[in-house]
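This report refers to the structure that appears directly beneath it.
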Amino acid sequence: MKLLVCIKQVPDMESRFKVNDGGDWFADADLAYRMNEYDEYAVEQAVRLKEQLGDTADVTVLCIGPDRVVEAIKKALAMGCDRGVHVPDAAVHLKDPWQVASAIAAFAQGKGFDLIFTGMQSQDRGSAQVGVTVAELLGYSCASTVVGFDYGAGAVTARRELEGGVKAVVRMPLPALATCQLGLNEPRYPTLPNIMKAKKKEIVTVPMGELLKEEPVATTTRFYPPAKKGGGVVLEGDVGDLADRLLGILKEKTTVLR
Amino acid sequence: MKALLVCEYRDGKLLDSSYELLAFAERLGADSAMVLIGDAANAPRYGGKVYLAHVAIYGEYNPDLHKQLILAAVARENPDYIIFQHSSYGWDLAPRVAAKLRLAQVSEVVGIDGDGFEVGCCNAKMRRTVRPATARAVITIQTGAFTPQSEPHGSPAVEMLDVAGSGSVEFIGYEPAEEKDIDLGKAEVIVSAGRGIGKKENVPVIAALARAFGGELGASRPVVDAGWVEHSHQVGTTGQTVSPKLYVACGISGAIQHLAGMKKSDFIVAINKDKDAPIGEVADVLVVADVMPFAQALTARLQK
Ligand SMILES: Cc1cc2nc3c(=O)[nH]c(=O)nc-3n(C[C@H](O)[C@H](O)[C@H](O)COP(=O)(O)OP(=O)(O)OC[C@H]3O[C@@H](n4cnc5c(N)ncnc54)[C@H](O)[C@@H]3O)c2cc1C
């Protein structure tokens with residue numbers, strides 16, 4: 001069985017984001033990057049399925065982006081993916097979800113992937129479009145926001161997470177795509193031996209120009225911090241002093257300490 | 001300008017969030033029509049046109065058929081915007097419709113900014129303005145961002161929709177939310193632990209702070225997913241919605257899905273080492289501190 005996992009590299013969300021010169025995305029400098037959290041669940045699920053199926057399964061991990069994203073590919077290989085595909089693109093942040101999905105679909109077209117895993121969304125852009133669009137372009141069945149995944153007898157049984165903790169159980173035939181939600185599994189930490197083994201795994205480069213034939217259908221015109229609503233008090237200083245000041249405010253403004 | 005609003009229906013009922021679509025269309029200044037895969041007895045209270053397909057035939061969840069039905073309504077209505085909630089139903093269907101029609105999709109819109117749409121990004125820390133380049137566009141709106149100004153009213157002119165076919169994803173059934181061992185809804189004070197507390201061993205410190213306030217322990221999702229705290233304590237869209245007299249968020253960044261569950265609290269205190277954490281947007285007091293020593297100091301004072 002052939003599996004594909006699509007991952008993205010994103011900045012650590014605890015970073016301070018500064019607006020870039022173009023005013024349309026964050027400035028790259030001083031940011032620490034990591035694998036998109038949702039994609040870690042996708043990688044883990046693909047590797048678990050490989051473990052379930054044994055050596056007949058082969059997992060490809062694909063990432064579009066500048067050279068630094070090779071680090072994310074390496075992590076996925078160390079988690080257990082078999083081969084990596086890097087689509088170099090220093091301007092991927094200017095591509096819209098439609099273009100990213102089109103490029104991934106163009107890569108997957110005709111390669112006979114039985115199952116594709118993606119994150120349900122990226123932490124930075126958060127559009128939640130790419131996975132479902134890839135499935136649509138390839139004509140795959142698709143379940144989004146998956147928190148439970150089971151493969152058997154040629155079909156996937158997935159639990160989709162709905163609002164308020166309710167889940168919907170769905171079944172779909174292969175070929176299929178699942179977009180993975182937080183909590184689907186517990187992504188493993190790559191062990192040192194596996195990190196060493198991963199160094200020998202192949203990472204092929206596929207030029208974006210070979211895959212992308214589509215113009216953007218949407219553009220980001222502005223990137224900015226949210227307007228501060230104001231009203232809130234910000235307390236800074238020594239811990240003990242902060243605790244005293246907070247209690248003072250709570251005594252004055254709430255009834256919970258009476 | 002015309003907007004086609006895709007209503008949501010679950011467990012035999014029209015979801016109230018469908019009226020938020022209407023509020024958004026009004027903000028856009030668009031004429032609207034609705035589409036509902038549901039039943040006539042649960043049609044929206046709305047004076048316009050509703051394209052209705054029977055849920056008994058098409059099911060509550062059948063993405064292939066629901067897509068076909070929405071496309072059929074689009075063909076008849078020819079809208080400029082096709083609008084969904086950014087929900088498990090909307091984010092699943094919207095890209096399918098957009099891809100079929102090769103239209104721009106703008107996800108989780110929170111506002112209108114000139115000729116573009118304002119959306120959150122970077123875990124709600126930042127905003128983007130996104131402008132569709134196609135003449136028509138698919139939009140999903142953030143739940144709670146657009147609230148109806150008046151009680152919904154009226155009875156719609158119903159037009160039936162029909163498509164043939166089956167669909168590749170089979171809906172088996174719903175799994176109800178886990179039984180709750182605690183009801184956060186009744187607590188006057190909730191002190192919630194987020195990923196910023198660092199490790200499972202720190203949960204008792206936050207729980208002790210909750211007790212010192214005479215309140216209950218809440219949690220953000222990663223803390224629950226990691227198994228540090230039971231799901232029954234989770235606050236947010238996929239957990240509980242709470243509005244205590246005091247909500248204390250310990251090491252919680254303030255993602256929209258968490259805020260949706262607690263922003264109606266009477267008084268909100270956030271403890272975060274990051275002064276720019278988006279939780280600051282809803283907090284009455286943001287304490288910029290390392291959460292564990294601060295929680296201990298506060299507990300000690302409360303116990304005095
Ligand atoms: C469909 C969907 C549904 C979801 N439903 C929910 C839901 O119901 N509830 C929910 O909570 N989330 C939900 N989420 C997840 C949500 O998007 C966020 O990922 C989550 O709320 C983040 O949790 P957090 O704030 O604890 O962690 P993080 O976002 O990782 O934030 C940790 C915070 O702790 C701070 N911090 C770190 N160290 C310290 C320290 N030593 N002292 C003080 N502060 C520190 C950091 O500055 C940061 O702000 C959902 C997501 C999706 C896509």
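The values are calculated or read from the model by the stated rules, or taken from the named source; none is laboratory data. A quick note: this is a predicted structure, and the numbers were derived from the prediction, not measured. Here the Cβ positions follow ideal geometry from the backbone for every residue, glycine too, while neighbour counts run over all protein chains shown. For accessibility, only protein heavy atoms count, side chains too; no ligands or nucleic acids. Shrake-Rupley method; radii C 1.70, N 1.55, O 1.52, S 1.80 Å.
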- Message: Take the residues in the stretch B:125-145 that are hydrophobic (A, V, I, L, M, F, W, C) and buried (at least 24 other Cβ atoms within 10 Å of the Cβ); name whichever of them is farthest from A:GLU161 (Cα to Cα).
- Response: B:VAL130
- Message: As an exercise: evaluate B:ARG96 against (1) farther than 24 Å from A:PHE223 by Cα; (2) touching a strand residue (DSSP E or B) at 6+ places or on another chain (Cβ under 9 Å); (3) open to solvent by 20 Å² or more (accessible area, probe 1.4 Å) and give the number of the one condition it does not meet.
- Response: (3)
- For the stretch B:215-242, what are the residues that are within 15 Å of B:VAL205 (Cβ to Cβ) and touching an Asp or Glu at 6+ places or on another chain (Cβ under 6 Å)? none
- Just a yes or no: is a residue in the stretch A:79-98 more than 26 Å from A:VAL217 (Cα to Cα), in a helix (DSSP H, G or I), more than 14 Å from every other protein chain (Cβ to nearest Cβ) and not charged (D, E, K, R)? yes
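Residue check: is A:LYS18 open to solvent by 60 Å² or more (accessible area, probe 1.4 Å) and more than 16 Å from the ligand (Cβ to nearest atom)?
Criteria met by A:LYS18.
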- Item | Hits in the stretch B:182-231 - residues which are open to solvent by less than 50 Å² (accessible area, probe 1.4 Å), touching a residue at least 40 places away in the same chain (Cβ under 8 Å) and more than 14 Å from the ligand (Cβ to nearest atom) | B:ILE182, B:ALA187, B:VAL189, B:ALA208, B:ALA212, B:PHE213
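A quick yes/no check of all residues on (1) modelled with pLDDT of 95 or more; (2) in contact with a His (Cβ under 8 Å, 6 or more places away or on another chain):
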| position | (1), (2) |
| --- | --- |
| B:HIS153 | no, no |
| B:VAL158 | yes, no |
| B:ASP162 | yes, no |
| B:GLU170 | yes, no |
| B:VAL191 | yes, no |
| B:ARG211 | yes, no |
| B:GLY218 | yes, yes |
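Has the stretch A:198-205 got any residue that is open to solvent by less than 40 Å² (accessible area, probe 1.4 Å) and facing another protein chain (nearest Cβ under 8 Å)? Steps first, please.
If we filter the stretch A:198-205 for residues that are open to solvent by less than 40 Å² (accessible area, probe 1.4 Å), which is where we start, we get A:198.
Filter once more, keeping what is facing another protein chain (nearest Cβ under 8 Å): none.
No, the conditions are met nowhere in the stretch A:198-205.
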- Item | Meets criteria (free of Cβ contacts under 8 Å to residues at least 12 places away in the same chain and part of a loop (DSSP other than H, G, I, E, B)) for A:PRO190 | no
